[in-house]
């Protein structure tokens, strides 16, 4: 079976940094996706990691450790518009995504 | 270019009724997916289609059926709705099914079964 764990909620101040952790156990592994989902909207793609290490994309970075079954999404210079749910999803052997329940990030002024 | 559209946006349905959720994409993607999203459970795969003419079962297929007559459309049918099917339903598509292609999501359908 698939097991994807991430914290339920996080709160941070505008301009700060927040790190959202995700641990996964899947039937095989073909990479780790992060999606952003604003309330009442569709998930949108943020990042994909398949090799160990850090991928940086502007204010957002994503890290993967395959040996530890661990990833994190780093959000820097937080803005109010970053208030959203962040979904961790692991791609299994059959190329199907298993999603975590999502982490709701609230950015305070 | 619209991407993926879903209809209806929301629906209230009496238990026992039949309902079809529509999904259309204009990106010529081969693979399409139906998920449901429930609070605390995240997105769960209901059914998928790797290419037109083929479908497969996901994690929670019971009570749902799909068809894929052409590349663009992937309707989801609830033959006899039950209250536990109250959820937000998202359709998604990706260029292929056999790699790490990004899945693009439609705006969702909020379904309430009473």
Exercise. Mind checking which of B:80, B:97, B:65 has the largest fluctuation in a GNM of chain B, springs on alpha carbons under 10 Å?
Worked result: B:80
For this session: Taking only Cα atoms and a 10 Å spring cutoff, compute GNM fluctuations for chain A and point out the largest among A:63, A:45, A:99.
Result: A:45
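Over all residues in A:82-95, what is the mean tally of Cβ atoms on other chains that come within 10 Å of each residue's Cβ?
On the way: counts 0, 0, 0, 2, 0, 3, 1, 3, 0, 4, 0, 0, 4, 10.
If you average over the peptide's residues, the count of other-chain Cβ atoms is 2.
Inside 10 Å of the C-beta atoms of B:31-40, what's the mean count of C-beta atoms belonging to other chains? Show your work: numbers first, answer last.
On the way: counts 1, 0, 2, 0, 3, 0, 7, 1, 2, 3.
Going residue by residue through B:31-40 and averaging, the value is 2.
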Exercise. Out of the DSSP beta bridges found with both residues in chain A, what percent are antiparallel (nearest 5)?
Worked result: 90
Exercise. By DSSP, what percent of the beta bridges with both residues in the protein assembly as shown are antiparallel, rounded to the nearest 5?
Worked result: 90
Seminar exercise, completed: GNM on chain B, Cα springs under 10 Å; top mean-square fluctuation among B:71, B:86, B:102 goes to B:102
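Which value results when the Cα radius of gyration for chain B is divided by 2.2 N^0.38 Å? Display every interim value, and only then the final one.
On the way: Rg = 13.2 Å, N = 114, 2.2 N^0.38 = 13.3 Å.
Computed over Cα atoms of chain B, the ratio equals 0.99.
How many Cβ atoms of partner chains, on average, are near each residue of A:35-44 if near means within 10 Å of its Cβ?
4
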Exercise. How do A:108, B:36 line up, fewest other C-beta atoms within 10 Å first?
Worked result: A:108, B:36
Seminar exercise, completed: A correct Stokes-Einstein calculation for the protein assembly as shown, using the alpha-carbon Kirkwood radius, 4 °C and 1.567 mPa s, returns a whole-number D in µm² s⁻¹ of 72
Seminar exercise, completed: Per principal axis, largest first, the Cα atoms of region B:35-83 extend in Å by 33, 23, 16
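How high is the relative contact order of region B:39-114, given as a whole-number percent (alpha carbon pairs under 8 Å, six or more residues apart)?
Working: 112 pairs, mean separation 16.2, N = 76.
It rounds to 21 percent for region B:39-114.
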For this session: Apply the Kirkwood formula to chain A: the hydrodynamic radius equals the inverse of the mean of 1/r over all pairs of different alpha-carbon atoms; give it in Å with one decimal.
Result: 13.8
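Computed from the coordinates by the stated procedures, all read-outs in this text should not be read as laboratory data. The model shown is predicted, which means the values in this text are computed figures rather than measured ones. Cβ: placed from backbone, ideal geometry, glycine included. Neighbour counts: every protein chain shown.
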